[in-house]
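The values are calculated or read from the model by the stated rules, or taken from the named source; none is laboratory data. Just so it is clear, the structure is predicted and the values come from calculations on it, not from any experiment. Positions of Cβ are backbone-derived with ideal geometry, glycine not excepted, and every protein chain shown enters the neighbour counts. Remember, those area values only see protein heavy atoms, side chains included, never the ligands or the DNA or RNA. Shrake-Rupley method; radii C 1.70, N 1.55, O 1.52, S 1.80 Å.
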Amino acid sequence: MKEKKFTHLTESGVHMVEVGKKSIQKRIAIASGKIKLSAETINMIKNHDIEKGNVLTTAQIAAINAVKNTSNLIPLCHQLQISGIKVDFEIFKTEIAIKISVKTLGQTGVEMEAITGVSVGLLTIWDMVKSVEKNKEGQYPNTEIYDIKVLDKKKT
């Protein structure tokens, strides 16, 4: 097996990898994740009974903003011209799943943007429902963000 090289490391520290010689290609990445909530909270989200507002619309906007700002959040991540972002939710009895598709026409992939969008989208849901999710002691014994992963990455 060929030894993998850490491309961001140099003898003097780190650098942003040069991608200028790579060909411009259409690239897409799809990522997903989940948040576990109480059934009562899920019903409140469905019925638009959360005091802070529309949870899923707010989480969509937050996820899109996170995708667009990934290079400001992750050191050494290239600033990309994003050509499309799609954010979808699937609601279950005690969890919400988020799936994000990010597209670009560029010289490097968009998987970091996709998983950043997933993470911030889920964090936004948590923030919007924390008043109904926390227990009497102010803790979140059952709330959990998990299963964040890149589902697919391709270039055409």
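The rows are residues; the columns are (1) surrounded by fewer than 13 Cβ atoms within 10 Å (Cβ to Cβ); (2) within 27 Å of PRO141 (Cα to Cα); (3) modelled with pLDDT of 75 or more; (4) of a type outside the set (Gly, Ala, Ser).
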site	(1), (2), (3), (4)
THR10	yes, no, no, yes
ILE45	no, yes, yes, yes
GLY53	yes, yes, yes, no
VAL67	no, no, yes, yes
ASN72	yes, no, yes, yes
CYS77	no, no, yes, yes
ILE85	no, no, yes, yes
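Scanning the range 81-96 for residues that are more than 16 Å from ILE64 (Cα to Cα) and aliphatic (A, V, I, L, M) yields ILE91, ILE96. Checking each residue in the range 29-49 for being part of a helix (DSSP H, G or I) and either among the hydroxyl-bearing types (Ser, Thr, Tyr) or within 19 Å of the chain's Cα centre (by Cα) (or both) picks out only THR41.
Per-residue answers, yes or no, for (1) farther than 27 Å from LYS26 by Cβ; (2) touching a helix residue (DSSP H, G or I) at 6+ places or on another chain (Cβ under 8 Å); (3) in a loop (DSSP other than H, G, I, E, B):
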site	(1), (2), (3)
GLU51	yes, yes, yes
ASN72	no, no, no
GLN79	no, yes, yes
ILE96	yes, yes, no
GLU113	no, yes, no
THR116	no, yes, no
SER119	no, yes, no
TRP126	yes, yes, no
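Of the residues making up the range 98-113, just one is under 28 Å from THR41 (Cα atoms), out of contact with any Ser or Thr (no Cβ under 7 Å at 6 or more places or on another chain) and open to solvent by less than 10 Å² (accessible area, probe 1.4 Å), namely ILE100.
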